[in-house]
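Student: The structure follows.
A short reminder: the numbers here are calculations on the coordinates, not readings from a lab. Please read these numbers as outputs of a predicted model, since none were measured by experiment. Note: ideal-geometry Cβ built from the backbone for every residue, glycine included; neighbour counts use all protein chains shown.
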Amino acid sequence: MNYNPFSLSGKTILVTGASSGIGRSIAVECSKMGAHVVITGRNEERLAETQSMLFGDGHISISADIAEEQQVESLVEQLPVLDGVVHCAGVGVRKPAQAIKKSDIDFVFAPNVIAPILLQKHLLKKKRIAKSASIVFIASRAPFAPAVGNAVYSASKGAIIGYAKTLGLELAPKQIRVNCICPAMVWTDLIRRDAETIGESFAEAEARYPLKRFGQPEDVAYLSIYLLSDASQWMTGSCIDITGGGELTLV
Amino acid sequence: MELNQFVENFAAQFDDTDASVFTPETKFRELDEWSSLIALSIIAMVDEEYDVVLKGDDIRSAVTIQELFERVVALK
């Protein structure tokens, strides 16, 4: 029996931030589930690396800095009609509240909040989102599990959750679904740099997680597959936590 | 770059520890008020005042304020 409600076969899915971390893993896993994947990211070299990891044919790679609105418009012009979008591009800073500069806020909010909102606008305006499509935002547990120095990042993820819930309401008449994934700590370059900044290996923090580890990018990718597939067709406006049980602590 | 000014900037990140406690020889991680939040404040202060980006390891491997100052000078 060839039964698989989680298949992405025949679907075309855009993944932003696909040059590393969670975005890369989502692109690769979606391709394994039969999707045609469109990957985008800033770093051409690393984006090419992601493309070489994709399974099957018919994938498209477009390097773009989605923090630049002109590049967003040109990206959207080149896109086919999409059955799924995963907004994954993101950055963080670690600074106590009293040291936050406007440039820190701009640095974080440009890719984490402004870029996905404007990309989504252009995707809708240019009619690149198919009926019954699924849109996924990789948010974070950060707004609900504060960690010192994480205010700007937390605020950006809280902002995108608020945006996503509204988008879900607006797109519901077209059966387009919008959901967020809120991971706790996941091992990516972003977290490794963060560990360097605060000078912790995170080994103790990891041991405090009930499942005794931080997430791997694939853990988040598998949940994305569920949200992108027809198996989740009654889900919209939701935020799904994925935490290894570490719901109250990030680190 | 001046050591005494650095000690003063360092001390400014603390609220409860008296300024007179801070000298170049102060073993800052032994202070009661020392915390991961203050470590982040020190990193932010050094970035702002000296345009040097310290890592957590730079703070961990320094014992005294002077040693941290020397690390900042070396990275400048």
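Student: Taking +1 at the Cβ of each Lys and Arg and -1 at the Cβ of each Asp and Glu, which of A:Thr40, A:Ser9, A:Met53 sits farthest along the dipole of region A:1-59 towards its positive end, judged by Cα position relative to the Cα centre?
Tutor: Farthest towards the positive end: A:Ser9.
Student: In addition: Given 5 Å bins starting at zero, what is the percent of C-alpha pairs of region A:12-242 in each, up to the one with the largest pair distance?
Tutor: P(r) for region A:12-242, in whole percents per bin: 1, 7, 15, 19, 21, 17, 11, 6, 2, 0, 0.
Student: Follow-up. Would you mind giving the mean number of other chain beta-carbons within 10 Å of the Cβ of each residue in A:6-19, as a whole number?
Tutor: Mean inter-chain Cβ contacts per residue within 10 Å come to 0.
Student: In deg cm²/dmol, rounded to 500, what helix-only [θ] at 222 nm does chain A give when every DSSP H run of at least 4 residues adds -39500 (n - 2.57) and the total is split over its residues?
Tutor: That comes out to -12000 deg cm²/dmol.
Student: Which GluC sites (Glu not before Pro) does chain B hold that lie in a coil by DSSP with at most 14 other beta carbons within 10 Å?
Tutor: B:Glu2, B:Glu25, B:Glu33
Student: Output the lone cysteines of the protein assembly as shown: those with no second cysteine's C-beta under 4.7 Å from their C-beta.
Tutor: A:Cys30, A:Cys88, A:Cys182
Student: Using θ = phi - 60° and the Karplus curve 6.51 cos²θ - 1.76 cosθ + 1.60, what whole-Hz ³J(HN,Hα) does each residue of region A:149-158 get, with Gly and Pro shown as x?
Tutor: These are the phi-based 3J(HN,Hα) values: x, 9, 4, 5, 4, 4, 4, 5, 6, x Hz.
Student: With r as the distance between the Cβ atoms of B:Arg29 and A:Asn43 and R0 = 30 Å, compute the FRET efficiency 1/(1 + (r/R0)^6) and round to 0.05.
Tutor: E(calc), rounded to 0.05, equals 0.20.
Student: Moving on. Shielding of A:91-101 by partners, i.e. mean partner chain Cβ atoms within 10 Å per residue?
Tutor: Average per residue, whole number: 4.
Student: On to the next question. In sequence order, what are the phi-derived ³J(HN,Hα) couplings for region A:101-114 according to the Karplus relation 6.51 cos²θ - 1.76 cosθ + 1.60 with θ = phi - 60°, rounded to whole Hz, with x for glycine and proline?
Tutor: 9, 4, 5, 5, 5, 4, 4, 7, 6, 4, x, 7, 10, 5
Student: Compute, for region A:130-251, the length of the dipole vector about the Cα centre, with Cβ point charges of +1 (Lys, Arg) and -1 (Asp, Glu) only. Units Debye, rounded to 20.
Tutor: Using Cβ point charges on Lys, Arg, Asp and Glu, region A:130-251 gives about 380 debye.
Student: To continue, here is another question. Quantify how strongly other chains surround peptide B:39-51 by giving the mean number of their Cβ atoms within 10 Å of each of its Cβ atoms.
Tutor: For this peptide, the per-residue mean of nearby foreign Cβ atoms is 4.
Student: What percent do you get for the relative contact order of region A:73-227 when only Cα pairs under 8 Å and 6+ apart count?
Tutor: Value for region A:73-227: 26 percent.
Student: Collect residues whose amide H, placed 1.01 Å from N in the peptide plane, falls under 5 Å from the amide H of A:Phe137; neighbours closer than 5 in sequence don't count.
Tutor: A:His87, A:Asn179, A:Cys180, A:Ile181
Student: If you fit an axis through the alpha-carbon atoms of helix B:65-75 and take the longest principal axis of the Cα set of chain B, what angle between them do you get, 0 to 90°, nearest 10?
Tutor: 10 degrees
Student: Okay, moving on. Restricting to DSSP loop positions (anything but H, G, I, E, B) with no more than 15 other Cβ atoms inside 10 Å of their own Cβ, which trypsin sites (Lys or Arg not before Pro) remain in region A:3-111?
Tutor: Counting only loop positions with at most 15 other Cβ atoms within 10 Å, the trypsin sites (Lys or Arg not before Pro) in region A:3-111 are A:Lys101.
Student: Can you run phi through the Karplus equation (6.51, -1.76, 1.60; θ = phi - 60°) for region A:120-132 and list ³J(HN,Hα) in whole Hz, with x for Gly and Pro?
Tutor: Computed from phi, the couplings for region A:120-132 are 4, 4, 5, 4, 6, 4, 8, 6, 9, 10, 6, 4, 6 Hz.
Student: Shifting gears a bit: Region A:78-132 to region A:190-223: how many Å between their Cα centroids?
Tutor: Value for the Cα centre distance between the two parts: 23 Å.
Student: Could you work out [θ]222 nm for chain B from helices alone, using -39500 (n - 2.57) per DSSP H run of at least four and dividing by all its residues? Round to the nearest 500 deg cm²/dmol.
Tutor: -16000 deg cm²/dmol
Student: Going by amide H atoms built from the backbone, whose H comes under 5 Å of the H on A:Leu82, apart from near neighbours?
Tutor: Distant-sequence amide H within range of A:Leu82: A:Ile129, A:Ala130.
Student: Turning to a different aspect of this structure: Around A:Arg192, what is the net charge, scoring Lys/Arg as +1 and Asp/Glu as -1 over all other residues with Cβ under 14 Å from its Cβ?
Tutor: Net charge around A:Arg192: -3.
Student: Under a 5 Å amide H to amide H cut-off, with H placed in plane at 1.01 Å, what residues pair with A:Thr243 once short-range neighbours are removed?
Tutor: A:Ala184
Student: Given charges of +1 on the Cβ of Lys and Arg and -1 on the Cβ of Asp and Glu, with all other atoms neutral, how large is the dipole of region A:1-89 about its Cα centre, in debye to the nearest 20?
Tutor: Working: 5 positive and 11 negative charges, 87 e Å.
The calculated dipole for region A:1-89 is roughly 420 debye.
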